Amino acid sequence: MDGRPTRIRRKGIYLLPNLLTTGALFAGFYAIVAAIDGNFRSAAWSIFAAMFLDGLDGRVARLTSTSSEFGKEYDSLSDMVSFGLAPAIVTYQWGVARLAEYGEAWRGLGWLAAFLYCAAAAFRLARFNANTGQDRRFFQGLPSPSAAAIVASMVWLATHYEIEGLVGLVAGITITAIAGLLMMSRFAYWSFKDINPGERIRFARLLLIPLVIIVIAVAPQVTIFALFVIYAASGPGAWAWHRRRAKRASARVGTA
């Protein structure tokens, strides 16, 4: 004993990250309720709120050294509701329910697309929990929050510009199915976890921040949807680029 007082961590601090997770869970639940009531803009924003809270709870847990196995499992269950079930139901209420007007075949395809997304999110979360030794710089498969953001921004975009008709509905259902397939894929996606907030950056890059904010403010529906679609396309795009480079390298070796 060195005579110094022992610093006792209050147990209440463990509630903070779990309260944030509960907030994300509530946002996902509210997105479902809003979609059932036909408030698709509110449903989309609720999914975005769940994304913000989901990204915040883990950082708070690490900063306060309050990470726990319970918190990890609770966060995974919350993600399944907010980024798996909620986007699937939002898509169903927005598009699949109206596809029935064009025939039962279209309704069946839309129903399957919504379920595919939901099942893919469950598969993606289970694989993430099982792969404990993966490279933290990359995700395997499209992260479920990003897939949910694609669906939410797509519904928000279609609602804002009143995109209706069979072509628009089929396009929306197709985007939902593709987002689900990308979650189950093995494409590598940059996790952004290797970014150091305290690292120095060039002034020119710093100027991009207000530029991005202005672009998003001018047309948030289009910009947010485009940003997440570009991120979703980065996985297969990087895979195709690396494969092409590998073929060129093997061809050079063969001709040498």
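The values are calculated or read from the model by the stated rules, or taken from the named source; none is laboratory data. Here the structure is a predicted model, which is why all the values come from computation and not from measurement. Cβ sites come from the backbone with ideal geometry, for glycine too, and all protein chains shown count toward neighbours.
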Self-check item: Enumeration of residues in region 53-75 that are assigned to a helix (DSSP H, G or I) and exposed (fewer than 15 other Cβ atoms within 10 Å of the Cβ)
Solution: GLY55, ARG59, ARG62, LEU63, GLU69, PHE70, LYS72, GLU73
Quiz item: Given (1) surrounded by fewer than 24 Cβ atoms within 10 Å (Cβ to Cβ); (2) within 15 Å of MET154 (Cα to Cα), where does THR91 come up short, assuming only one miss?
Solution: (1)
Quiz item: From the list SER191, SER185, SER153, which residue is modelled with pLDDT of 75 or more and in contact with a strand residue (DSSP E or B) (Cβ under 6 Å, 6 or more places away or on another chain)?
Solution: SER191
Quiz item: Conditions: (1) modelled with pLDDT under 65; (2) polar (S, T, N, Q); (3) farther than 30 Å from ARG186 by Cβ. ASN196 meets all but one. Number of the miss?
Solution: (3)
Quiz item: For region 209-241, how many residues are under 28 Å from GLY141 (Cβ atoms), at pLDDT below 90 and either not β-branched (Val, Ile, Thr) or not in a helix (DSSP H, G or I) (or both)?
Solution: 2
Practice problem: Could you grab me the full set of residues in region 17-44 that are of a type outside the set (A, V, I, L, M) and within 24 Å of GLY58 (Cα to Cα)? | Solution: PRO17, ASN18, THR21, THR22, GLY23, PHE26, GLY28, PHE29, TYR30
Exercise. Residue by residue through region 88-98, note down the ones that are of a type in the set (A, V, I, L, M, F, W, C) and closer than 15 Å to TYR117 by Cβ.
Key: ALA88, ILE89, VAL90, TRP94, VAL96
Self-check item: Complete set of residues in region 109-143 that are over 14 Å from ILE178 (Cβ atoms) and assigned to a loop (DSSP other than H, G, I, E, B)
Solution: ASN131, THR132, GLY133, GLN134, ASP135, ARG136, ARG137, PRO143
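This table checks each residue for (1) over 19 Å from ALA149 (Cα atoms); (2) among the hydrophobic types (A, V, I, L, M, F, W, C).
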| residue | (1), (2) |
| --- | --- |
| LEU25 | no, yes |
| ALA43 | no, yes |
| ILE47 | no, yes |
| SER78 | no, no |
| ILE89 | no, yes |
| GLN93 | no, no |
| TYR102 | yes, no |
Practice problem: May I ask you to list pairs of residues, at least six apart or on different chains, whose Cβ atoms are under 8 Å apart, with the first in region 239-252 being on the phi < 0 side of the Ramachandran plot and the second being of a type in the set (A, V, I, L, M)? | Solution: TRP239/ALA188
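Here's the yes/no breakdown for (1) in contact (Cβ under 8 Å) with a residue 60 or more places away in the chain; (2) closer than 18 Å to ALA44 by Cα; (3) among the small types (Gly, Ala, Ser):
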{"site": "PRO145", "(1), (2), (3)": "yes, yes, no"}
{"site": "VAL151", "(1), (2), (3)": "yes, yes, no"}
{"site": "TRP156", "(1), (2), (3)": "yes, yes, no"}
{"site": "THR159", "(1), (2), (3)": "yes, yes, no"}
{"site": "GLY168", "(1), (2), (3)": "no, yes, yes"}
{"site": "THR176", "(1), (2), (3)": "yes, yes, no"}
{"site": "GLY180", "(1), (2), (3)": "yes, yes, yes"}
Practice problem: Could you tell me whether region 154-174 includes any residue that is surrounded by 14 or more Cβ atoms within 10 Å (Cβ to Cβ), polar (S, T, N, Q), closer than 16 Å to ILE224 by Cα and under 19 Å from the mean Cα position of the chain (by Cα)? | Solution: no
